[in-house]
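Everything on this sheet refers to the single structure shown next.
Please treat every number below as a calculation from the coordinates, not as lab data. Note that the structure is predicted; figures quoted are calculated from it, not measured. Heads up, the Cβs are rebuilt from the backbone with ideal geometry, glycines too, and the neighbour counts pull from every protein chain shown.
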Amino acid sequence: MSARTTRFAWLALAVAAAACSGPTGTGTSDPRIAGTWAYRSATSGASTQVEGVLLLTVASSGGIAGTLEGTETDATGRRSAVTGLVSGSVVASGSADFDVTLVGGRSRQHVASLRGDSLVGDWMERQAQGTVQSGRFGAARRAP
């Protein structure tokens, strides 16, 4: 199995797990995931990137809430503001699954792992045409 196939299989499993857990949390909490993060994502196979600030809070139940504010730059260099609300849950110590629902209705599912002072992982966005857009993201801690 290729690394890309493995990553998409893992992402699909995480999406299914998040659908069952809902935004109320899993009962597992990890306060290390809370904080202000310098967020950056890139779309696989395209030059679209998002850079901004991700603010996360973690409840004792493991529920995650927050916001994303940033700028999206497409392949032509066109820049546009992106803002969104975050909801999700801690799935295990050092791991989280959260959606960023952007203004305009787009929603990106994120599967994150805590690595030192960074959150890293994959994201996926289902589009109206039934296609899926995906990529990688990283977020370096800016403040607790």
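Once you have the Cα-Cα distance between Q133 and S107, take 0.36 nm times their residue separation minus that, and quote the gain in nm to one decimal.
The Q133-S107 span can extend by a further 8.3 nm.
Tally Lys/Arg at +1 and Asp/Glu at -1 over every other residue whose Cβ is under 10 Å from the Cβ of R40; what's the total?
Taking every Cβ under 10 Å from that of R40, the sum is 0.
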